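J.: The structure's right below; bear with me while I get my questions together.
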Amino acid sequence: MVARLSRQYGQYDRALAAARAVPGWYNSNSLIYRTAYYKEEGDLAAIVGDTTGAIMAYTRYPTLRTDPDSGAVAEEVEAVRDALARLMEH
């Protein structure tokens, strides 16, 4: 919640720190939460220029979405894969 609110107000460094401060139990709980967590962390890391962190988060995300449904989830998976490919090119 703090990460998303901070992001909404343009406080990207703070948002990334909040996303990374997520307790271990949250990260290991549910597939839905983990995928959202990795995507958010990857997005924020990319915004603040933490290429290594973004690559790590974006690499984890698709491993949890190996067979996405059609529609919004499939589009999100493709967007993450595209973002990862762009980061890997640099």
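The values are calculated or read from the model by the stated rules, or taken from the named source; none is laboratory data. As the structure is a prediction and not an experimental result, all values here were calculated from the model. Neighbour counts run over all protein chains shown; Cβ positions are idealised from the backbone, glycine included.
J.: Restricting to the stretch 1-31, name every residue that is at pLDDT 90 or above and part of a helix (DSSP H, G or I).
T.: Step one: list which residues in the stretch 1-31 are at pLDDT 90 or above, which gives 5-18.
Selection gives L5, S6, R7, Q8, Y12, D13, R14, A15, L16, A17, A18.
J.: Yes or no: the stretch 66-85 includes at least one residue that is surrounded by 11 or more Cβ atoms within 10 Å (Cβ to Cβ), within 10 Å of the chain's Cα centre (by Cα) and modelled with pLDDT of 90 or more.
T.: There is at least one residue in the stretch 66-85 that is surrounded by 11 or more Cβ atoms within 10 Å (Cβ to Cβ), within 10 Å of the chain's Cα centre (by Cα) and modelled with pLDDT of 90 or more.
J.: Hey, another quick one. Are there any pairs, at least 6 apart or on different chains, whose C-beta atoms fall under 9 Å, with the first in the stretch 51-62 and loosely packed, with under 15 Cβ neighbours inside 10 Å and the second not in a helix (DSSP H, G or I), and if so, which?
T.: T51/H90
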